[in-house]
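Worksheet for the structure shown next.
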Amino acid sequence: MPGIQPRIEMESLEEHYVIEEDECLINRGPTDKRVLYLGAAPNRYYPFSLFSEDCGWKEIWNIVLSRTKVVFFSNKINLLVPCGPLAVLVDLVTGHQGSVFLLSLLGTIPLAERLGWVTEQLAFYTGPTVGGLLNATFGNATELIISIHAMKSGMIRVVQQSLLGSILSNMLLVLGSAFFSGGIVHSNKEQVFNKDESEADGSSDDKEAPKITKWESIIWLFILTASISFLSEYLVNAIEGASVALAIPVAFISVILLPIVGNAAEHASAVMFAMKDELDMSLGVAIGSSTQISMFGIPFCVVYGWVLGHPMDLNFQLFETATLFMTVLVVAFMLQEGTSNYFKGLMLLFCYLIVAASYFVHIDPESIRDKPET
């Protein structure tokens with residue numbers, strides 16, 4: 001029986017091994033020659049080898065398990081993943097909308113964070129231009145998916161308030177958490193950043209290496225997007241029931257709770273960069289995400305609603321407009337000096353708590369008026 005004849009090629013800057021073998025990994029026909037891509041070569045990026053003379057289903061399964069471990073078990077927040085299936089189970093067994101909402105909310109958080117991580121992994125292989133487009137598209141995919149499901153249900157106010165809440169969350173909660181955590185870690189000095197010129201492309205001098213291959217990133221991108229879309233349907237359908245069961249206003253759910261899910265990836269990234277004393281990166285993540293929502297997310301929802309026959313305008317109410325205006329002023333004053341410390345972060349967090357409390361007691365007349373007649 002002829003042995004395996006390896007042929008090694010170099011693909012651009014990535015050292016990828018391509019093996020052409022007489023015996024296929026799946027179909028072991030002796031005359032079936034195929035080219036098998038096994039990922040990156042064993043180097044500083046991939047410190048393991050996938051070569052084996054006995055490549056079979058067991059090896060394939062081990063590779064799948066190892067990649068799944070990298071994606072789902074490399075972050076402690078992924079402990080919330082079982083909440084998603086539990087939400088579906090509770091909805092089928094009890095139908096308690098409050099529990100379904102909370103479980104689906106918790107279950108969506110790690111999926112949104114992993115979606116952002118996979119997008120960053122794919123950006124390693126696409127270059128800065130396509131990578132920036134991917135980050136702009138999938139960086140806020142969770143907010144857009146939730147908005148699409150809400151739009152289909154005719155919940156226009158939920159869409160408007162959730163997108164507004166995403167902007168407020170990025171500018172106050174995410175940026176405030178980054179400033180606070182960075183100030184605590186680097187308490188012996190005042191952190192500085194290059195102020196309204198921060199890096200928004202995700203590049204840094206200490207560039208990390210990709211942990212999964214390009215095709216694995218694409219596959220996981222589709223899997224996570226489909227999972228978020230599936231779970232978001234339960235989340236949106238349970239909003240009104242959860243508002244009654246938990247005695248929480250729909251405005252508070254839309255502006256405060258839903259954006260926390262969509263901003264999980266930005267929150268984790270901004271805090272991580274701040275703790276590494278890379279405030280330009282943190283600022284780029286927080287402000288860049290708000291810009292993406294303003295310039296892409298909201299116009300997309302307007303066009304999508306027009307296509308569905310559920311017209312959505314940009315006529316936000318006075319209370320919401322005032323909240324956004326004051327938030328922009330506060331953040332502008334915080335950034336004008338180009339320095340940061342834990343106290344500035346604490347003030348941004350307190351401002352977010354004030355916004356959250358105001359939406360908890362605020363009665364939205366438009367949401368009452370837009371309720372479907374029974």
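When you scan segment 242-275, how many residues do you find that are open to solvent by 40 Å² or more (accessible area, probe 1.4 Å) and either aromatic (Phe, Trp, Tyr) or free of Cβ contacts under 8 Å to residues at least 12 places away in the same chain (or both)?
Residues meeting the conditions: 2.
One line per residue, one yes/no per condition, for (1) more than 29 Å from GLY154 (Cβ to Cβ); (2) open to solvent by 30 Å² or more (accessible area, probe 1.4 Å); (3) touching a residue at least 60 places away in the same chain (Cβ under 8 Å):
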position: ALA286; (1), (2), (3): yes, no, yes
position: PHE296; (1), (2), (3): no, yes, yes
position: VAL307; (1), (2), (3): no, yes, no
position: MET326; (1), (2), (3): yes, yes, no
position: VAL330; (1), (2), (3): yes, yes, yes
position: PHE343; (1), (2), (3): yes, yes, yes
position: ILE363; (1), (2), (3): no, yes, yes
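Every condition in (1) in a loop (DSSP other than H, G, I, E, B); (2) modelled with pLDDT of 85 or more is met by ASN188 except one, and the failing one is (2). Among the residues of segment 207-242, those that are part of a loop (DSSP other than H, G, I, E, B) and among the hydrophobic types (A, V, I, L, M, F, W, C) comprise ALA209, ILE212, ALA238. When each of LEU102, LEU134, LEU122 is tested for being assigned to a helix (DSSP H, G or I) and closer than 19 Å to LEU258 by Cβ, the lone residue that passes is LEU102.
When the test is whether a residue is open to solvent by 60 Å² or more (accessible area, probe 1.4 Å) and of a type outside the set (Gly, Ala, Ser), ILE218 does not pass it.
Filtering ASP32, ASP54 for residues that are in contact with a Cys (Cβ under 6 Å, 6 or more places away or on another chain), at pLDDT below 75 and not in a helix (DSSP H, G or I) leaves a single hit, ASP32. Among residues belonging to segment 243-285 that are closer than 17 Å to LEU168 by Cβ and not in a helix (DSSP H, G or I), point out the one that is farthest from the chain's Cα centre (by Cα). Looking at the filtered set, the residue picked out is PRO249. Scanning segment 332-341 for residues that are open to solvent by less than 40 Å² (accessible area, probe 1.4 Å) and part of a helix (DSSP H, G or I) yields MET334, LEU335. Just one residue in the set THR126, THR142, THR119, THR108 is among the β-branched types (Val, Ile, Thr), out of contact with any strand residue (DSSP E or B) (no Cβ under 6 Å at 6 or more places or on another chain), open to solvent by 10 Å² or more (accessible area, probe 1.4 Å) and under 25 Å from SER74 (Cα atoms); that residue is THR126.
The values are calculated or read from the model by the stated rules, or taken from the named source; none is laboratory data. Everything quoted here is computed from the prediction, not taken from an experiment. Every residue, glycine as well, gets a Cβ built from its backbone with ideal geometry; the counts of neighbours run over all protein chains shown. Calculation scope for accessible area: heavy atoms of the full protein, side chains included, ligands and nucleic acids excluded. Shrake-Rupley method; radii C 1.70, N 1.55, O 1.52, S 1.80 Å.
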